[in-house]
């Protein structure tokens, strides 16, 4: 086949042209074997630039195009579309990166940079010469989504997807949906009652005809790929047949065993058979086997005896369900950084040093104190309350490096609500910075100082200790340079947000990336903030990073819209740049199967060969490098192409 | 020496009196420091204007009453015109001086009759008015 390659050299304003002699590059490459047309232009990605490509393809009957400009991650799609518009197979269009790989890093030597640019383009010309005309791979798709996590982010994502007309499976590991938001008292900056705005959504999610709600369930295993996931879900033994339970609550009432309530953050008790809170959805109990007298000694059995519908079943075992879905939204939320790690503030040892979630419960009308702020040690109403921000956060030496983003705001809210509760009390907030980025947030903070006399003290507290029945707080006011101390009645720690304890384990099952601190990684920090790098996985809420409710809800809706976009097509289309095996040469050694990180290779035992499943292959190249007989090749990146490219790069 | 903060300390009666006399809410100040940065006579002060307000927020009024700053303030209102929270530091200074003067232990007051003709003609009029106003409370 006669090659007729078009070369288009972009100036990128002065980004490239300021270093590389683009005119010379275009002129010199016009004489390169196989090049039919070569030119340069100020901005190739502009409309006129793209039209130049389209026109040249038709006018010069081009068989391939090399756009010499920026990174393919920026504009490969742009120029492939331009090629396709001019009836050139899009996989015959390539980018030669002479910006990031050349002009930006060789500003000091224009001559050599120009020579390097020419070589980079030559390698791509050689590649394009052997590029096959390919078509995107189409795979069938299940138009059904899985949402992992039933907090506000998971609830919102599930509702949005379901309301768009797709079926959703919502999996929550605890007995009820609601997540941490259900524990909160009132929410900043408008002070809506958290449960009042949340419970309608909890009910909606449980009654929606398109949502299959699976509480007290966990993800056991995920296989498959975008559009075609198979999910194994563990339905934990609740020892209550929740299908026939009518939620009368008699079993809970009569159960003789009490243990610390997780929902009340240990400030109150629950029974061994329990619903986590009054508005739980579903409002049906589960039995906590580890704390049950029957499971300890075989005695008791009161719950079973008293149940009017015979729903209590001690013989129940974990069950496993299989679900097929096309997309997965991960919304597993956060935990607080462990308070026991904060020894210098008496975390875990001083009773009246509490976590921010414990304080939410002390403020909550449905909480253990009925909404009256009373301290845990003696139930007294605290008159001097100290709130500490950045506890664990912004401390790369000892704890976590990042800002937890929401603590400034919720501690401000805490201080304000405390004042509304205890009019003659005084709230102090120790801070390093007060970060109030959000609509109405700064105004909220200013209101706390002006109307509720909250005293903000700039400085990180050095230590907290007990003295004469008080909780002594030692800090500094850096604004006056004075050491200060407060004999407090109660201290509230604004602990760092960390990923849910199950996040890392789940990431391994889902094969998606997590960042340094265990938050799920987005595909691009600015332009793809709700997608995982692995296709078909979407992120919502604090599982991706510390977030407040508005941000978590916005991200959940964004994930839902991504899922709906995916589901808008009947089939899933993906890049055909994948590995393929020459069946005649494969010896069936299976080395490729052992190195594939995506489980994309299956073994055909009849023929005794390995076979790539194109729908799963990500084109990483691991199998190609591992294959002892060089039988596996990457489409449009074959060994033959690579040899030619290397030769072009090395020739004088 | 640690400064012990408590409700009693920071809700000091005299600080509340300053707020009443000046009509300013001390808590409004978020310590940006713009008043101090733009004050034309700050070099002569022993405590920065913003620090005066901070000390009042912490209930440390005696320290402020002992300062030179409240007498140096020229009431030019540059601080008030720049303050993003609308706090008038000069009004707070007026109130602080009034408290000192009313204790009758501060600098002697100025009688209008004592102001000489030479002073009236040679000194800037604002200065004379300022002296009368400041020192007479």
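No value in this document is a laboratory result; all are computed from the given coordinates. Predicted model, so just to flag it, every value in this text is computed and none were measured. A quick note on method: Cβ atoms are made from the backbone with ideal geometry, for glycine too, and the neighbour counts reach across all protein chains shown.
A simple spin-label model places pseudo-atoms 7 Å from Cα toward Cβ; at residue A:260 and residue B:102 they are separated by 5.4 nm. Normalised by the number of residues in segment B:1-76, the mean separation of alpha-carbon contacts (under 8 Å, six or more apart) gives a relative contact order of 34 percent. Extension gain, residue A:344 to residue A:51: 0.36 nm times the residue separation minus the Cα-Cα distance gives 98.9 nm.
Rank these for me by crowding, A:118, A:197, going from fewest to most other beta carbons within 10 Å. Could you put the intermediate results ahead of the total?
Working: A:118 23, A:197 15.
Fewest to most other Cβ atoms nearby, the residues stand as A:197, A:118.
Peptide B:14-27 is shielded by partner chain Cβ atoms: per residue, an average of 1 of them sit within 10 Å of its Cβ.
Each 5 Å bin, from zero up to the one with the longest distance, holds this percent of the alpha carbon pairs of segment A:257-379: 2, 8, 13, 15, 16, 14, 13, 12, 5, 2, 0. Largest mean-square fluctuation among B:49, B:124, B:40, in a Gaussian network model of chain B whose springs join Cα atoms under 10 Å apart, belongs to B:124. Here the scattering of segment A:62-207 is modelled by Debye summation over its C-alpha atoms, one equal scatterer each and no solvent; at q = 0.11 Å⁻¹ the log10 of I(q)/I(0) is -0.69.
If one takes the longest principal axis of the Cα atoms in chain A, at what angle in degrees, from 0 to 90 and to the nearest 10, does the Cα axis of helix A:441-451 lie? The angle comes out at about 30 degrees. Peptide A:449-458 has a mean of 4 when you count, residue by residue, the C-beta atoms of other protein chains within 10 Å of its C-beta. Among B:122, B:20, B:12, whose mean-square fluctuation peaks in a Gaussian network model of chain B (Cα, cutoff 10 Å)? So, out of B:122, B:20, B:12, the one fluctuating most is B:122. Between B:119, B:45, B:28, the GNM of chain B built on Cα springs shorter than 10 angstrom shows B:119 fluctuating the most.
Sketch the reach of a paramagnetic label on residue A:420 as a point 7 Å from Cα along Cα-to-Cβ, and name the residues of segment A:190-232 whose backbone nitrogen lies under 17 Å away. The answer is A:190-198, whose backbone nitrogens lie closer than 17 Å to the label point. The angle separating the long axis of helix A:639-650 from the principal Cα axis of greatest extent in chain A is about 80 degrees.
Using the 10 angstrom Cβ neighbour count as an exposure proxy, how do A:423, A:60 rank, fewest first?
A:423, A:60
How would you classify segment A:250-306 from its alpha-carbon gyration tensor, with a ≥ b ≥ c the square roots of the eigenvalues: rounded for a/c under 1.5, else prolate if a/b is greater than b/c, otherwise oblate? Oblate shape, in that a/c is at least 1.5 and b/c is the bigger or equal ratio. The alpha carbons of segment A:575-635 give a radius of gyration and a Dmax of 10.1, 29 Å, in that order. To the nearest 0.05, how large is the calculated FRET efficiency for residue A:253 and residue A:515 if R₀ is 60 Å and r is the Cβ-Cβ distance? With R0 = 60 Å, the Cβ-Cβ based efficiency is 0.85. Binning the alpha carbon pair distances of chain A at 20 angstrom intervals from zero yields the distribution 16, 37, 30, 15, 1, expressed in whole percent.
Ordering A:586, A:10, A:196 by the number of other Cβ atoms within 10 Å of each residue's own Cβ, fewest first, gives A:196, A:586, A:10.
Using a 10 Å cut-off on Cβ to Cβ distances, tally the other chain neighbours for every residue of B:2-12 and report the average as a whole number.
Details: counts 9, 8, 5, 15, 8, 7, 1, 3, 4, 4, 0.
Going residue by residue through B:2-12 and averaging, the value is 6.
Any chance you could check the Cα centroid distance between segment A:489-511 and segment A:527-543 for me, in angstrom? Comparing the Cα centres of segment A:489-511 and segment A:527-543, I get a distance of 18 Å.
Restricting to the protein assembly as shown, compute how many DSSP beta bridges are antiparallel as a %, nearest 5.
Values: 53 of 106 bridges.
Approximately 50 percent, going by the DSSP bridge assignments.
With contacts taken as Cα pairs under 8 Å at a separation of at least 6 residues, segment A:1-50 carries a relative contact order of 46 percent.
With contacts taken as Cα pairs under 8 Å at a separation of at least 6 residues, chain A carries a relative contact order of 13 percent.
If R0 is taken as 25 Å, the Cβ-Cβ distance between residue B:82 and residue B:43 corresponds to a FRET efficiency of 0.90. Here the gap between residue A:378 and residue A:268, fully extended at 0.36 nm per residue and compared with their Cα-Cα distance, gives a gain of 38.2 nm.
With coordinates expressed along the principal axes, the C-alpha atoms belonging to segment B:7-106 extend over 31, 28, 20 Å, beginning with the largest. Cα centroids of segment B:20-68 and segment A:559-585: 66 Å apart.
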